[in-house]
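The next block holds one structure in the form of structure tokens; read it before the comments.
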Amino acid sequence: MKRVRISDLRPGMKTGEDVYSYNNQMIVPRGSVLDDKMITRLEFYSVLAVRIADEEGDGEEAVPAGEQEIINTTAYSEKVKNSKQFKKFEKSFLETTEDFKSRFTDIAENGSEINSREMIDSITGLVSDDGTGPSVFDMLHNMRQYDDLTYMHSMNVALICNVFAKWLGMSKEEIDILTLGGLLHDIGKLKIPDNIIRKPDKLSPAEYNIIKTHPLQGYNILKDKNIDENVKQCALMHHERCDGSGYPLGVTSDKINRYAKIVSIADVYDAMTAARVYRGPLCPFKVIGIFESEGLHKYDGHYILTFLEHIATTYMNNRVRLNNGMEGDVIFMNRNQYSRPMLQCGDKFIDLSREPELYIETFV
């Protein structure tokens, strides 16, 4: 058996072990043939890697290139990429990421001070929106062909947090705190040895424990910096969960910093919507469905429901394809199940909340 990182899993691989969450809840049993939903569920529970059965015999079930599980670039994605807003965003995003690489390294390795205003302004300059063209979420989803490095992930989370804060009606000062908290939440990963972060083979228990120290490492980098205390707490607590199943402290909702609660949602959403080797970015409605079925007890109720409502509403009137091949337009959100809206398919109306066998596969 070999250990495979979550980002390298493919549908059709078979698990060689029972996979448990950090609080010993079984997520996927041994011998399961993985599909896209299972892989995304593993990402949701912050599982880093999984033992996969040897390819001899049962390994032949892996899905070959060209099968239906590979989602080709859709017309919707092409429309986003061809927009002038996306081209401008892409150029600015990549330039800003290069700038942040050197800034993060100076902070983590050389103890440099943090210019909060400059860093926040770099993010807010990317999200200025005149109300036309694709949303920030559309554009982030179409940046996924680039390597998902710590820096780009941190940029994504900062952008999501900036928009999320506005959905929550936060003040300008609070928006700035949350944006910087999202940007610096993973800085502790720069203290994890590169040979562990990028190791393709089995990680030892000791190496797993080292990776799980990155929240504390991040806090230690930031603790003496002249930045808001809440930003430091975002680095420390973004892997904590309201039911106590998180790390490194294992605390419950009342002990978790409120900004960190918000960053944790943006962090997981960005990870779950990332492209994989066998598909493009995961459809947001699938991610919303996983949050609804797995995560409402893990995240602050007000924050997670606000997030899911706005994410879903972002895609009102978009054209989607169902798993049975039908296409239709999203015309109404079901407040009890945002992942299952009502669609108009020609002259037919489909309420997905009443059709459990159907779900949204992708945008078209």
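The values are calculated or read from the model by the stated rules, or taken from the named source; none is laboratory data. Just so you know, these numbers come straight off a predicted model, no measurement behind them. When we count neighbours, we look across all protein chains shown, and the Cβ atoms used for this are built from the backbone with ideal geometry, even at glycine. Heavy atoms of the whole protein, side chains included, go into the accessibility calculation; ligands, DNA and RNA do not. Shrake-Rupley method; radii C 1.70, N 1.55, O 1.52, S 1.80 Å.
Among 205, 215, 341, determine the one that fluctuates most according to a GNM of the chain built with springs between C-alpha atoms less than 10 Å apart.
So, out of 205, 215, 341, the one fluctuating most is 205.
Which FRET efficiency, nearest 0.05, do residue 255 and residue 354 yield, Cβ-Cβ r, R0 35 Å?
In this case the efficiency is close to 0.30.
Full-extension gain between residue 337 and residue 197, please, as 0.36 nm times their residue separation minus the C-alpha to C-alpha distance.
Computed gain between residue 337 and residue 197 is 46.7 nm.
Could you sort 108-117, 88-97 so that the peptide with the highest average Cβ count within 10 Å comes first and the rest follow in order?
88-97, 108-117
To the nearest 20 debye, what charge dipole does the chain have about its Cα centre, counting +1 at the Cβ of each Lys and Arg and -1 at the Cβ of each Asp and Glu?
220
Where is the GNM fluctuation largest for the chain (alpha-carbon springs, 10 angstrom cutoff): 25, 85, 217?
25
Not counting ligands, DNA or RNA, and with a 1.4 Å probe, what is residue 326's accessible surface area in Å² rounded to the nearest 10?
Taking all protein chains as shown, residue 326 has close to 60 Å².
At 1.4 Å probe size, put 241, 354 in order of accessible surface, largest to smallest.
I get 354, 241, largest accessible area first.
On average, how much accessible surface per residue is there in the chain, in Å², for a 1.4 Å probe, leaving out ligands, DNA and RNA?
45
What is the Cα convex hull volume of the range 163-281 when expressed per residue in Å³?
Numbers: hull volume 15.2 nm³, N = 119.
Convex hull of Cα atoms, per residue: 128 Å³.
What 222 nm value per residue comes from the helices of the chain, counting each DSSP H run with n ≥ 4 as -39,500 (n - 2.57) and dividing by all residues, nearest 500 deg cm²/dmol? Walk me through the numbers on the way to the answer.
Numbers: 14 runs with 155 residues, N = 364.
My calculation for the chain gives -13000 deg cm²/dmol from helical runs alone.
Lys and Arg at +1, Asp and Glu at -1: add these up for the other residues within a Cβ distance under 15 Å of residue 231 and post the number.
Net charge in that neighbourhood comes out at -3.
Quote the relative contact order of the range 152-288 in percent (integer), defining contacts as alpha-carbon pairs under 8 Å separated by 6+ residues. Mind showing how you got there, number by number?
Values: 195 pairs, mean separation 30.2, N = 137.
So the answer I get is 22 percent.
Quote the relative contact order of the chain in percent (integer), defining contacts as alpha-carbon pairs under 8 Å separated by 6+ residues.
Computed value for the chain: 15 percent relative contact order.
With both partners inside the chain, how many of the DSSP beta bridges are antiparallel, as a percent to the nearest 5?
Here the share of antiparallel DSSP bridges comes out near 100 percent.
When only Cα pairs under 8 Å and 6 or more residues apart are kept, what is the percent relative contact order across the range 276-358?
23
Connecting C-alpha atoms closer than 10 Å in a GNM of the chain, tell me which of 333, 170, 139 has the biggest fluctuation.
Looking only at 333, 170, 139, the biggest GNM fluctuation is shown by 170.
Counting Lys and Arg as +1 and Asp and Glu as -1, what is the net charge of the other residues whose Cβ lies under 15 Å from the Cβ of residue 117? Before the final figure, lay out each step's value.
Working: positive: 103, 172, 225; negative: 99, 113, 118, 121, 173, 176, 228.
Overall, the nearby charge balance is -4.
In nanometres, what is the gap between the two model label sites at residue 35 and residue 2, each 7 Å from Cα along Cα-to-Cβ?
So the label points at residue 35 and residue 2 sit 2.6 nm apart.
Suppose R0 equals 35 Å; then what is the FRET efficiency for residue 209 and residue 173 from their Cβ-Cβ distance, rounded to the nearest 0.05?
0.40
If I compute semi-axes √(5λ) of the Cα gyration tensor in Å from the structure I just sent, which labelled value in (1) 28, 23, 21; (2) 52, 24, 17; (3) 30, 27, 20 lines up?
Answer label, from the structure shown: (3).
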